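Enquirer: After the structure tokens below, expect a handful of questions from me.
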Amino acid sequence: MRLLRLVFETRFALLTWPMIGLVAALLGAVLLPGLHQTMALIAFALGLIVALGLYDVTQTRHAILRNYPVAAHLRFVLEGIRPEMRQYFFEGDKDGAPYPRDKRAIVYQRAKKELDKRPFGTQLDVYQEEYEWLHHSLAPRPPVDPGAMRVQVGGYSCSLLNISAMSYGALSPNAVRALNKGAKAGGFFHDTGEGGISPYHRESGGDLVWELGSGYFGARGADGGFDPALFAATAADPQIRMIEIKLSQGAKPGHGGVLPAAKITAEIAAIRGIPMGVDCVSPAAHAAFSTPVGLMEFVAQLRGLSGGKPVGFKLCIGHPWEFLAICKAMLTTGITPDFIVIDGKEGGTGAAPLEFMDHVGMPLRDGLTFAHNALIGVGLRDRIRIGASGKITSAFDMARVLALGADWCNAARGFMFALGCIQAQSCHTGLCPTGVTSPDPARQRALVVPDKAERVANFHRNTLHALAELTAAAGVNSPAELGPQHFQRRVGSAGAIPFSELYERLAPGVLLSDPGQSGRFRAPWAMAQADSFAPLLPV
């Protein structure tokens, strides 16, 4: 039965049936002498197909060809059709969701160190209602060294672009290997995701940010709760540079994590401490704390148990008063996290309900500016770094969120594209055609670690190079000097509006000195309380 399944399964059938046809043609040529010439031609053609298929499964450059020999060449033929033909018959550069073709292409090109320039002019309608642009300067500066664009987070020097949280299990072993090897080569960090630290994270020694979700994988006691001793033992690893408490994820905030049963292997079950055959669902809420003060105390506990490593948390902004309650808890306890990562609702996920992906949570730019201003309003912004994640793939994406208050950016799907992801959107099925997210060993082999690790490092380096060029064009010395005044957006009939007018900016300490002058923050600030996430009744 196993042999029959392999014979009829698509990726093996592409080689198996040409081989069977070749044998049949040779037998026919022997049994039917009058048809020798025809059979010889058929045999020759089938032989070429077999040879092409054998080459495809042994080459290391293209994961899609390794898993789908022969047939996958059709994709490259379509990709190579001249642009003026493709725009009439096939996907245009601005088509495709959630990432349009040109966004995916820029990652592929930078990852492969290919030409990433475009001819003829923009294809965007620059008079559309939501067009955004960066103001350039008539006195541009020399670009800064991309390698010098870093930010200090506690005792850790962090790159401005890093790999966002993606768990082993959601990603294949080879994908994790390639990401970490690329991070090591490029000098940036690799967030483990909430699935814990696998052996594949450790092979190359790249910097890790250990994400600790409500399942506490890696520090999970027998009862499923947090185990301080186990956490301390794991956190002592010098490869772990920072610890990130996951409060919520942009694509499914308030839902918890989901690893479908189809993707749970015996190894994943052993790493996470979970049973086989059922979906792995992390609770939506943490058991280690239940109040804003409790969260701050948990931050302090993890910092102590880890020997002083930077500790922070990640969330998608929901009820405004809840984040302000956390700010009040910081003031009450005197405990502040080293960093906060704001995850936008446009962020990616391996599996989530449609309703959560489309209609729950605050988009990145809104959540980022809210958190940035809240920390300014309570006088704590200088003590806390802010990371931003959510559909960031280009230097413009980075520059925009840096201008709105972020200190660095995390990207997930951008680095997946660098690995060879083709946006097949089968992440939740275990049938990823390029082996990036599949638990199937046959599919995983398509992803060749040394080649993909180099592409991961290339994408990081070339994107930062593009950011340095944008920064220079704006007339500032570093990305840290970008602000809302450098960006503008056209908003319907209102015309072009500077970001500095679109996004409210609080005066330092105003929530403490005069909350009545804090605009939209006034009501949620009055509702927030340090000892509970529940709102006080408005006064």
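Enquirer: Cβ neighbours within 10 Å, averaged per peptide: list 209-218, 240-249, 281-290, 437-446 in order, most packed at the top.
Expert: So the order, starting with the most tightly packed, is 209-218, 240-249, 437-446, 281-290.
Enquirer: Let me ask something else. Take segment 293-432, compute every pairwise Cα distance, and split them into 10 Å bins from 0; I just need the percent in each bin.
Expert: Reading the bins upward from 0: 11, 36, 33, 17, 3.
Enquirer: Among 182-190, 154-162, how do they line up from the highest to the lowest mean number of other beta-carbon atoms within 10 Å?
Expert: 182-190, 154-162
Enquirer: List every residue whose amide H lies under 5 Å from the amide H of VAL153, counting only residues 5 or more places away in sequence or on a different chain, with H placed 1.01 Å from N in the peptide plane.
Expert: So VAL153 has HN proximity to CYS158.
Enquirer: Same structure again: Taking a threshold of 29 Å on the Cα-Cα distance, which of the pairs LYS103/LYS309; LYS112/LYS309; LYS263/LYS391; LYS94/LYS181 fall above it?
Expert: In this structure, LYS103/LYS309; LYS112/LYS309; LYS94/LYS181 exceed 29 Å between Cα atoms.
Enquirer: Among CYS280, GLY221, MET149, which residue has its Cα positioned farthest towards the positive end of the charge dipole of the chain, with +1 placed on the Cβ of Lys and Arg, -1 on the Cβ of Asp and Glu, and the dipole taken about the Cα centre?
Expert: Projecting each Cα onto the dipole axis, the largest value belongs to MET149.
Enquirer: Report D for the chain in µm² per second (integer): Stokes-Einstein, Kirkwood Rh on Cα pairs, 25 °C, 0.890 mPa s.
Expert: For the chosen part, D equals 97 µm²/s.
Enquirer: Return the calculated 222 nm mean residue ellipticity for the chain, to the nearest 500 deg cm²/dmol, obtained by summing -39500 (n - 2.57) across DSSP H runs with n ≥ 4 and dividing by the residue count.
Expert: Result for the chain: -12000 deg cm²/dmol, rounded to the nearest 500.
Enquirer: Test of understanding: extend the Cα→C-beta vector of GLU129 to 7 Å, then name every residue of segment 464-492 with backbone N under 17 Å from that spot.
Expert: Residues 489-492 fall inside that zone.
Enquirer: For LYS246, give me every one of the lysines with a C-alpha distance below 16 angstrom, ignoring sequence neighbours fewer than eight places off in its own chain.
Expert: Leaving aside lysines fewer than 8 places away in the same chain, those within reach of LYS246 are LYS314, LYS345.
Enquirer: Give the long-range amide H neighbours of TYR168: residues separated by 5 or more places, or on another chain, with amide H under 5 Å away, using H modelled in the peptide plane at 1.01 Å from N.
Expert: GLY195
Enquirer: Dipole magnitude of the chain about its Cα centre, charges +1 at Lys/Arg Cβ and -1 at Asp/Glu Cβ only, in debye to the nearest 20?
Expert: Dipole size: approximately 1040 debye.
Enquirer: Right, something else. Starting from the Cα gyration tensor of segment 469-528, take the square roots of the eigenvalues, sort them a ≥ b ≥ c, and report rounded, prolate or oblate (rounded when a/c is under 1.5, otherwise prolate if a/b is larger than b/c, else oblate).
Expert: Note, shape of segment 469-528 comes out oblate.
Enquirer: Give me a comma-separated list of calculated 3J(HN,Hα) values for segment 470-477, in order, Karplus coefficients 6.51, -1.76, 1.60 applied at θ = phi - 60°, integers in Hz, x for any Gly or Pro.
Expert: 4, 4, 5, 5, 6, x, 10, 7
Enquirer: In addition: Among the DSSP beta bridges whose two residues both lie in the chain, what percent are antiparallel, rounded to the nearest 5?
Expert: In the chain, DSSP labels about 35 percent of beta bridges as antiparallel.
Enquirer: Sequence gap at least 6, Cα distance under 8 Å: using those rules, report the relative contact order of the chain to the nearest whole percent.
Expert: 19 percent
Enquirer: Can I ask one more? Once Lys and Arg get +1 and Asp and Glu get -1 on their Cβ, which of LEU179, LEU536, ILE497 lies farthest toward the positive end of the dipole of the chain?
Expert: In the chain, that residue is LEU179.
Enquirer: Taking amide H positions as placed 1.01 Å from N in the peptide plane, with prolines and chain starts having none, which residues 5 or more places from ARG385, or on another chain, fall under 5 Å of its amide H?
Expert: PHE339, ILE340
No value in this document is a laboratory result; all are computed from the given coordinates. Nothing here was measured: the structure is a model prediction, and the numbers come from that model. Because the Cβ atoms are built from the backbone with ideal geometry, glycine has one as well, and the counts that use them run over all protein chains shown.
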